[in-house]
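No lab work stands behind these numbers, since they all come straight from the coordinates. What you are looking at is a predicted structure, and each value in this text was computed from that prediction instead of being measured. Cβ coordinates were reconstructed from backbone atoms using ideal geometry, including for glycine residues, and neighbour counts include every protein chain displayed.
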Amino acid sequence: MATIRNRSIEIVPVKTRRQWQSFHGLPQRLRGADSRWIQPLRLQVRQAWAPRQPYFRHASAAAWIAIEADRVVGRISAQVDSLDQQLGRAGRGQFGQLEAVDDAEVFQRLTDIAGGWLKAHGMTDMLGPFDLSINQQCGVLVDGFEHAPMMMMNHNPEYYPSRLEQAGFEPAAEMLAYRGSPDCRLPPRVARLLERMQGRLEIRPVPRGELTRRAETMRELFNAAWAENWGFVPITEEEFRHMVQEMKLLIRPGYVQLAFYEGRPAGFIVALPDLNELIADLNGRLLPTGAVRLLWRIARRRSRKARIPLMGIDPAFQQSLPGAGIAYALIESARRVLVADGIEETEQSWILRQNKGMRSMIEAIGMRAAQTFRIYERPLSE
């Protein structure tokens, strides 16, 4: 795609190794002085774009950097997910990986180039940001900037929402990140419900050695549980296996739980120690000593925070008392393990603002919405 020139800004497709280094290195250069932002592990950042990533079995993507006066001032990606198209959302493309200086022209040029690529691929609307899939990091932080991000969560400068709106984007959806202490008690009515379900409901921890064997059960539960949610895209078998392999090192005893109701799998929950807390001072580097330090910290259980990135209840039980009991039993079982492991704060996200059932359940155990993330959309002009 040809380079676009206007003012002194150039929008350049990312192709060479040096361009990819600039693309991946931009967030740290823009936000390195922000004490709340945490540099992700550089190895993970690079691997997200590796052709062998399972995401690219069903999606295509492109990336650009914005250059002004020989200095990289922004970046963006555009992607088309065939799974999204197959779910009746034909024409909806995505953008992501957005980082830029506080400059309306830079935001406009970046989103225009991404929109042009999407339009050339038959898309009529652009939605985002997604990094790169809705099943990964997504959304622009619009509230709760005072909180440092937990693992796999975004944290952008406060001007991002207004700059996107100036570039013609409108809000499409909002998601919440809830935080609170795991050292809490179930409401009395919930405790009574769980008592009535004794004998029919069983919660079993999944040891690390059984994760691979149980992965498909959890994937099927997740896809079924979230199939009716806004923007849902199923996780493929290959993607889930890859996710499990990436999480294995972090998973501690009892952090993964499966629920069985009358003998059949009915739900699951996954908690992870907050990787960001463990890597905050590594500057994204695992070499020469970062890997050893990280492994030591994981083994010594130094994390005080944990995030619940995955949870799902069989839709056959949703909107019912047994379903509520299954969800609360999973949360309670995970909560006890986290408290015993020294965890002081947990986060549960991404919770759609309109998901009143899940929100009331989380709020009933004392968690409160700490951050709001927004997805934006813009039609692609004729």
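Observations, loosely collected:
- In sequence order, calculated HN-Hα J values of segment 149-165 (Karplus, 6.51, -1.76, 1.60; Hz; x Gly/Pro): x, 7, 4, 6, 10, 7, 7, 10, x, 5, 7, 4, x, 5, 5, 5, 5
- Local electrostatic count, Ala227, Cβ distance below 15 Å [Lys/Arg +1, Asp/Glu -1]: -2
- Taking every C-alpha pair closer than 8 Å and separated by at least 6 residues, the mean separation divided by the residue count of the chain gives a relative contact order of 22 percent.
- Rounded to 5, the percent of DSSP beta bridges in the chain classed as antiparallel: 90 percent
- The GNM of the chain, with springs linking C-alpha atoms under 10 angstrom apart, assigns the highest mean-square fluctuation among Thr289, Thr346, Thr372 to Thr289.
- Per-residue ³J(HN,Hα) for segment 71-86, Karplus 6.51 cos²θ - 1.76 cosθ + 1.60, θ = phi - 60°, Hz, x for Gly and Pro: 10, 6, 10, x, 8, 6, 10, 9, 8, 10, 9, 5, 5, 4, 5, 5
- Interchain or long-range residues, amide H under 5 Å from Gly366's placed H: none
- Potential lengthening between Arg71 and Asn355 on full extension [0.36 nm per residue; Cα-Cα distance subtracted]: 98.0 nm
- Principal-axis tilt of helix 321-340 within the chain, Cα atoms, nearest 10 degrees: 80 degrees
- In order along segment 93-104, the Karplus-derived 3J(HN,Hα) couplings, from 6.51 cos²θ - 1.76 cosθ + 1.60 at θ = phi - 60°, round to x, 10, 10, x, 6, 7, 9, 6, 5, 7, 8, 4 Hz, and Gly and Pro are given as x.
- Sites Ser35 and Glu262 - FRET efficiency at Förster radius 35 Å, r taken between beta-carbons, to 0.05: 0.10
- Between the amide H of Gln137 and those of Asp131, Leu132, distances stay under 5 Å, these residues lying 5 or more places away or on another chain, with hydrogens modeled in the peptide plane.
- Segment 239-382 shape via C-alpha gyration tensor axes, a/c threshold 1.5: oblate
- A protection proxy built from the mean count of other Cβ atoms within 10 Å ranks the segments 147-160, 38-51, most packed first, as 147-160, 38-51.
- Straight-line cross-link reach from Lys119 at under 12 Å between alpha-carbon atoms covers these aspartates and glutamates, not counting any fewer than eight positions away in the same chain: Glu382.
- Protection proxy ranking, peptides 127-134, 26-33, average beta carbon neighbours within 10 Å, highest first: 127-134, 26-33
- Cα long-axis angle, helix 290-299 against the chain (0 to 90 degrees, to the nearest 10): 20 degrees
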